[in-house]
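Have a look at the structure below before the remarks.
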Amino acid sequence: MPMNHRRVTLLSCLALTLLTGSSVFGQDDVRALFRQIEQEKDNVPASVIRDLAKIGTPESWEALYKSAEILKKPNKLNVAYLSFKHFNGKSDLEKKSVDFLMDEINSQSKVSLARLAVSAMQGLMPSAEKHLLKIAESHEDSQCRALALKPLMSYIHKNRTSKTLFLLLDNFIPKKSGKSIEFVESVELFPLLKYRNEVKKRLLDEDYPIILKLLLLEILRGEKSQGLEDLALLCLDSEVPSIVISSLQVAQSHGLSLRKPRLSRLGKHEDPAVRMTALVALAESLEDAKQVDKQVSRWAKSRDPVQRQAAANAYGLLAMEVCVPGLEILMRDNSFAVRHDALHALQQLRHPAALEALIGNLDQGDKMTSDITQRLLSGLTGERFGQSRPTWSRWWEDHRVGFVFPTKEEAENRLKELSVKSSEGDTGAAFFGLPVVSQRVAFVIDTSSSMLAPFLSSSRYGGNQSTRLSVAKKQLLEALEKMPNGARFNIFNFDLAGEAWEDSLVKLNRKTRLAARKHIKNLSARGATAMFDALELAFGDQQVDMIFLLSDGIPSGGEIDDPDLILNEIRRWNMTRRIQIHCISIGGPTSLLEVIAKESSGNFLQVK
């Protein structure tokens, strides 16, 4: 019988088996699939391995077992390991599958293959439960322990003992064991006050993973801190800026008493985000309004932009007649971050005097600031008059008397009804349709190997011969063509590491435009997805005030590849930068990029 016909027959039999629950396969069918695996080895299609396991007979189990010995490439061996899940519920074959995977875990000389076998055990729950517990408790490899935790989360929820809590605290790795929120919600189920000393020990342990410390501090900041929030004060001397910031936020959230000398010392910290957080906390700790006024006024006149930014965030503690005039000065500051925070502080006041100040700021500064002012005015009023100061002023004259601010939802609905597409103030350039309104922009482009995947999109971006990278390069070249001379830009890409085209922003002219074109055309794809490294380079240029980030996948490789840690670092950097990050996901996962865009007031675009 011809191979193709044989393949169709086997698939038909398999479909009938799945529908009826009874096997119509004979040993000849098992032999045929196994023979193909023997002949093609690591080149065999993954579907053949799965089809063999789906037969679900003792003969197919033996054939799958032998196949695992034949296959050498990790990706095909992983398929074989995962395929043992098809024997789940088949008594003796299920037990044999668990025992086989445990033997693989214990005997593999390559720890990477042992991790694959641990992951495959998830498909054999609940019979694999006791074995996974043993792995989580005692395996020498931290990633094997973390992977074993993932299918055990339900068990941990039902068995809340000191043993299971410590398993969770000491072995959880985000992505490997589950999402960070699963760690937070699971730990919150335990009576943490009973384990106060254990939580304290881990917070103070220099070798305890930073991401888990941050997640513990997130628990302490929330409503389920169970009286342990004071432990955050012990972390204020940490050498990790993110830990210090999170600890200060716990103190602010629960109104913990912080001594003025300590806050003043942290207000001089080398990390700007720590400085600003501490200074705002210091202003909030002052009980006398005159003291607050004196302190904030002094910061507003400081040469240090971080102190002026702290003033912008602290002015809301003062009376309206003091607050608005102070913010009006800061919204014209020479630091974009100070302007940004002053404008947002005025919006949060939701007061006619603040609205008038925002209208008065239109046409007064750079295009980025005018764009932010216009968006804040629209969010406050539900009106959309672009960046025209005269139009906004006339509207306000007509509506000033008896004006009632709409709720956020009402304003959003009103703007949807208007559905006016405004492009005032931009440069005319756009990247995947997102306007490039900044004159100091960084493009951060994924050049990992997955960007070579075909991009046969129904959208206007794809084409018959397109790859994800070729589409990204085409859009970048088009944006570059429309950006005006004099605008400043740089191009960063990431694969095995992050790379910058130039050391700092480049002024656009005929010569630099030609050089950029050549660089873009020469970009090639390879290796991993070191997103953090490229973002760190982009944030390292103090002139950048807008970033376009394009990627098709989850971070891997580079200095940091944990999405939660990457988000945490971006939050810290952006506390004193306020860079708008527009994110484009091209054919891949979206959650990380969505959060980055949302938290930086940028736009998110999924290109399919």
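Values quoted throughout were computed directly from the atomic coordinates according to the rules given, and no laboratory measurement underlies them. A quick note: this is a predicted structure, and the numbers were derived from the prediction, not measured. Cβ placement follows ideal geometry from the backbone for every residue including glycine, while neighbour counts extend to all protein chains displayed.
Only sites in a loop by DSSP and with at most 14 other Cβ atoms within 10 Å count here; which trypsin sites (Lys or Arg not before Pro) in the stretch 217-265 make the cut? The partial results should precede the final answer.
On the way: sites: 221, 224, 259, 262, 265; in loops: 224, 259.
Here the sparse-neighbourhood loop sites are 224, 259.
To make sure I understand, if each residue's beta carbon is the centre and we count other beta carbons within 10 Å, what order do 111, 506 fall in, fewest to most? Walk me through the intermediate numbers first.
Working: 111 13, 506 18.
With the sparsest Cβ surroundings first, the list reads 111, 506.
Considering only DSSP states other than H, G, I, E and B, which GluC sites (Glu not before Pro) in the stretch 89-161 qualify as loop sites with at most 15 other Cβ atoms within 10 Å? Numbers along the way, then the final one.
Numbers: sites: 94, 104, 129, 137, 140; in loops: 140.
Passing sites in the stretch 89-161 are 140.
Suppose only helical runs count, i.e. DSSP H with n ≥ 4. What mean residue ellipticity at 222 nm does that imply for the chain under -39500 (n - 2.57) per run, divided by all residues and rounded to the nearest 500 deg cm²/dmol?
Numbers: 30 runs with 343 residues, N = 608.
Using -39500 (n - 2.57) per qualifying helix, the result is -17500 deg cm²/dmol.
Going by how many other Cβ atoms sit within 10 Å of their own, how do 344, 351 line up, fewest first? Show your work: numbers first, answer last.
Working: 344 17, 351 14.
With the sparsest Cβ surroundings first, the list reads 351, 344.
Place a +1 charge on the Cβ of each Lys and Arg in the chain and a -1 charge on the Cβ of each Asp and Glu, then give the dipole magnitude about the Cα centre in debye, rounded to the nearest 20.
On the way: 81 positive and 75 negative charges, 174 e Å.
It comes to approximately 840 debye.
Collect residues whose amide H, placed 1.01 Å from N in the peptide plane, falls under 5 Å from the amide H of residue 556; neighbours closer than 5 in sequence don't count.
Result for residue 556 returns 529, 530, 531.
Taking the Cβ of residue 221 as the centre, find all other residues whose Cβ is under 14 Å away and add up their charges (Lys, Arg: +1; Asp, Glu: -1). If you can, show how the numbers build up before the last one.
On the way: positive: 213, 224, 571; negative: 188, 218, 223, 229, 230.
So the surrounding residues net to -2.
So in the chain, what percent of DSSP beta bridges are antiparallel if you round to the nearest 5? Please list the in-between numbers first.
Working: 9 of 32 bridges.
Here the antiparallel bridges make up roughly 30 percent for the chain.
Quick one: which of 175/521; 41/90; 367/473; 72/96; 85/176 span more than 29 angstrom between C-alpha atoms?
Working: 175/521 35 Å; 41/90 27 Å; 367/473 26 Å; 72/96 21 Å; 85/176 19 Å.
From 175/521; 41/90; 367/473; 72/96; 85/176, over 29 Å: 175/521.
For the chain, what is the Kirkwood hydrodynamic radius in Å, using each pair of distinct C-alpha atoms? Provide the component values of the computation, followed by the final result.
Values: mean 1/r = 0.0356 Å⁻¹.
Kirkwood hydrodynamic radius for the chain: 28.1 Å.
With a 10 Å Cβ neighbour count serving as the proxy for reagent exposure, in which order, fewest first, do 447, 407 appear?
On the way: 447 26, 407 10.
If I rank by nearby Cβ atoms, fewest first, I get 407, 447.
Determine the percent antiparallel among the DSSP beta bridges restricted to the stretch 430-607, to the nearest 5.
Numbers: 9 of 31 bridges.
Here the antiparallel bridges make up roughly 30 percent for the stretch 430-607.
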